[in-house]
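Bear in mind these aren't lab numbers, they're just calculated from the coordinates by the rules spelled out. Just so you know, these numbers come straight off a predicted model, no measurement behind them. Here Cβ is always computed from backbone atoms with ideal geometry, including for glycine, and neighbour counts include all displayed protein chains.
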Amino acid sequence: MAPDVRRPIDRALLFFALMLMAVGVVWVYSASGLKSAASTSFLQRQLLGGGLGVALMLALSQTELGFLRDNPRPLQVLYVVLVLLLAAVFLFPKVNNAHRWIRLFGQQFQPSELFKPFVVLLVSWWMVRHREAWGQRQDAIPKLMTLAGLLVVPIGLILREPDFGTSFLILFVAMLLVWLGGAPKWIFAVSIPVLALVGAVFIRTSPYRMARVTSFLNPDQDPLGKGHQALQSLVAVGNGGLAGVGLGAGHQKLFFLPEAHTDFIYAVIAEETGLVGTVAVLLLFLGILWRGYRITRSVRDGFLKLAAMGFTLLLVVQALMNISVVLSLAPNKGIPLPFISYGGTSLIVSLMTLGLLLSISKEA
């Protein structure tokens, strides 16, 4: 019997993620105390989600994803289940004018969050399974069109919720994996302009999304309406200065900054810890990027290598999208900050993604 050459999990990667989770617990409590009937209500829910997420992370870190390379049946089953869940959200009442949640037994979760790590596995498997086709145009086009067909249904359902931010993140990470997986580069010269045109039409024909873009370009035009969130976020960041006003002493979270404990929690961190705190959070995400890159370089298996890069990009790109919105560098997309923002499904899925990446780290 061959000796087991699997190494322990990447402890540095685990450390960076758990530090971000600790930051999230502290600032969810700081940002949400006045929003809940009891000051610890949101904190308790976040700790509960974190506990479940850590358990799933540890379980997934012990799996061997390599078996999917030659046995795609689990991916096929998961694809069908997730598409059905994405369709099922429309059977439940809207929350904040969107069909994003399924409510069962007093609990709710977002199927779109679960689709994020799945799309990494699906695209990575597809690119490695059909790698012989990428050198031949007549073979590459049908394979890529089939992959696009597999993605268009779930992404379309997520857009229909509506959730433009999540659908954009999924599509962006999928295209990066197609690029890294060896697809012909001329495909992107054609597809990117087409997708940009479709996105522009999609925004232009939606008053809701058009208002978000308009408020991003000129938030002062409607400071008490569409531009309110962006302006208050910038005020919070500006108030923080170099070292911040102190933990719990922020003012913008006191009903001035909407969604302070979820999508705009980075603004609360900026106000209360200043540039020092925000840079520290950025460095932790850069640490995840660094360790993910190291894992990708060390793994020999093509499927695991591509999946490792996908999981890393999924976490880091989502973080950069959230931070860009907080700093008014991009329109509001409703994207949470991984490991930090309040939300059980988001936190659990972030930790599950980490667990999958830790599993691959053992194969390095």
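For R103 paired with L254, estimate the spin-label separation in nm (one decimal), with each label point 7 Å from Cα along the Cα-to-Cβ line.
In this crude spin-label approximation the distance works out to 3.3 nm.
Return a whole-number percent for the relative contact order of segment 224-334, with Cα pairs under 8 Å and 6 or more residues apart as the contact set.
28 percent
Given the DSSP H assignment, sum -39500 (n - 2.57) over each helix run of at least 4 residues in the chain and divide by its residue total; what's the result at 222 nm in deg cm²/dmol, nearest 500?
That calculation yields -22500 deg cm²/dmol at 222 nm.
Using a Förster distance of 25 angstrom, determine the FRET efficiency expected from the C-beta separation of T40 and V95, and round it to 0.05.
Efficiency computed from Cβ-Cβ geometry: 0.60.
Quick one: putting +1 on the C-beta of Lys and Arg, -1 on the C-beta of Asp and Glu, what dipole do you get for the chain around its Cα centre, in Debye to the nearest 20?
So the magnitude is around 580 debye.
For segment 45-183, what relative contact order do you get, as a whole percent, if you take Cα pairs closer than 8 Å and at least 6 residues apart?
Relative contact order here is 25 percent.
Using the C-alpha gyration tensor of the chain, what are the square roots of 5 times its eigenvalues, in whole angstrom, with the largest one first?
34, 25, 20
Any idea how many Lys pairs in the chain come in under 15 angstrom at the alpha carbon, given 8 or more places apart or on separate chains?
Value for the chain: 4.
Would you work out the relative contact order for segment 11-361, in percent, from Cα pairs under 8 angstrom that are 6 or more residues apart?
30 percent
Using 0.36 nm per residue of separation minus the Cα-Cα distance, give me the extension gain between M19 and L242 in nm, one decimal.
Additional length available on full extension: 78.2 nm.
Mind grabbing the base-10 log of I(q)/I(0) for segment 214-364 at q = 0.09, 0.16, 0.17 Å⁻¹? Debye formula, identical points on the C-alpha positions, no solvent, two decimal places.
These q points yield log10 I(q)/I(0) values of -0.33, -0.86, -0.93.
Any chance you could give the angle, 0 to 90 degrees and rounded to 10, that helix 265-298 forms with the longest Cα principal axis of the chain?
10 degrees
Given a 10 angstrom Cα cut-off, can you work out which residue in K185, K333, K116 is the most mobile in a GNM of the chain?
K185
Between L56 and I203, what is the FRET efficiency for a Förster distance of 30 Å, r being their Cβ-Cβ separation, to the nearest 0.05?
Rounded to the nearest 0.05, the efficiency is 0.25.
Test of understanding: express the Cα radius of gyration of segment 48-173 as a ratio to 2.2 N^0.38 Å, with N the residue count.
Output field value: 1.20.
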